[in-house]
Amino acid sequence: MSHTLLHQFLVSDLVVPVGLAQEPGHECLTGFGAHLAGGTFLRPDLMVFPRERAEGGPRHVTGAPALAIEVVSPASREADLLAKRDLYARSGVPAYWVVDTGGGEPEVVVHESPGEGRYAARERVPWGASLRLSRPFGIVLTPEEIFRPPRRAVPMRRAAMPDLPADDAAGPGMPYPEEPIRFDVFRGRWPTGAEKVELWEGCPVFYGEWDERDVEIAQRAYPGRVVRLDQPPGEPGTMTVLPAPASKPESDAASRAASENGAGVTGNALPKSEERSGSDAARGADGPPGAGEPFESGIVRVIRPRPAADAAPPAPEAADG
């Protein structure tokens, strides 16, 4: 059974028991996304949410759902168990379940009671065990009864990023490379070859199997930004698009020399006619206040340029004759 088919079976196995247990006035749906605070858009495999939250737009809710469930794949396992756990907790999602097949038979990892950016309670429910929960609704989790028969996977086929033409300095509708990407811009630029696509604090994250060619294509789709493979090329995992590192301001002497020599625009600099005013830089290309400031994230590790190595010591002079 392929990983994609296994994933679909495991998600469908959860729909009926979760749907029957949910509270009145809630919806239980697959394929819906959650537009959370802090420039984050996540797409759990199954989500339970108050019905009024679905007014945010087509196929997504606005604000924290009552329950988010992720079913791991080789590409998503590390993210589901670590980074996304913290993203859901920081966004105030009351309960987060992960269906983990890393040990063979499916088991459920339950996270509850978010506080100070972390879940205070964590419980693993292995195959053959059960756990009675009261939040976000009453249910008895018994993997052996929910996921029948046990299903195993075979290696997945590689997804490929679509080949895209080179774009301009920022891309149509894109903020400047140093700034996080907003949800309304990002949702119109998703590629078709990814297993799943999300936005983590303004950083696009693509699930699948990627290599250097995919990095080059992503760099053309998101010009000026840092594209990072989060695992060795060709292995299942994620590819993350990060804001451009903040460039150091030129010294006064260097600026004067560039002006006198008529130096052209390099890197991410803007010609004088396109420079943003202080207020524009502070709000960041019609974004919220602070959008133009150096990007910092507690979840996404931003790559910073390494300082130049100290100059090597001069070679010893040859001894006289």
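The values are calculated or read from the model by the stated rules, or taken from the named source; none is laboratory data. The model shown is predicted, which means the values in this text are computed figures rather than measured ones. Neighbour counts are summed over all protein chains in view; Cβ atoms, including those assigned to glycine, are modelled from backbone coordinates with ideal geometry.
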Tally, over the stretch 33-51, of residues that are among the aliphatic types (A, V, I, L, M), over 16 Å from the mean Cα position of the chain (by Cα) and not in a strand (DSSP E or B): 0
Filter result for the condition that a residue is farther than 30 Å from residue 231 by Cα and either outside the structural domain of residue 136 (by TED's automatic domain parsing) or not in a loop (DSSP other than H, G, I, E, B) (or both), over 61, 108: 61
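If we scan the stretch 76-91, do we find a residue that is within 22 Å of residue 32 (Cβ to Cβ), of a type in the set (A, V, I, L, M) and not in a helix (DSSP H, G or I)? Quick ask: steps written out before the conclusion?
Kept after step one, since they are within 22 Å of residue 32 (Cβ to Cβ), are these residues of the stretch 76-91: 76-77, 79-81, 83-91.
Within this subset, residues satisfying the condition of being of a type in the set (A, V, I, L, M) are 79, 81, 83, 87, 89.
With the extra rule that they be not in a helix (DSSP H, G or I), the set shrinks to none.
No, the conditions are met nowhere in the stretch 76-91.
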Options 79, 75: the member that is under 20 Å from residue 8 (Cα atoms), among the aliphatic types (A, V, I, L, M) and in contact with a Gly (Cβ under 6 Å, 6 or more places away or on another chain): 75
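In this structure, is residue 54 assigned by TED's automatic domain parsing to the domain that holds residue 36, free of Cβ contacts under 8 Å to residues at least 40 places away in the same chain and outside any helix (DSSP H, G or I)?
On the way: assigned by TED's automatic domain parsing to the domain that holds residue 36: yes; free of Cβ contacts under 8 Å to residues at least 40 places away in the same chain: yes; outside any helix (DSSP H, G or I): no.
So residue 54 fails the test.
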Cross-chain or 6+ apart pairs with Cβ under 7 Å, the stretch 9-25 first and free of Cβ contacts under 8 Å to residues at least 12 places away in the same chain, then outside any helix (DSSP H, G or I): 19/28
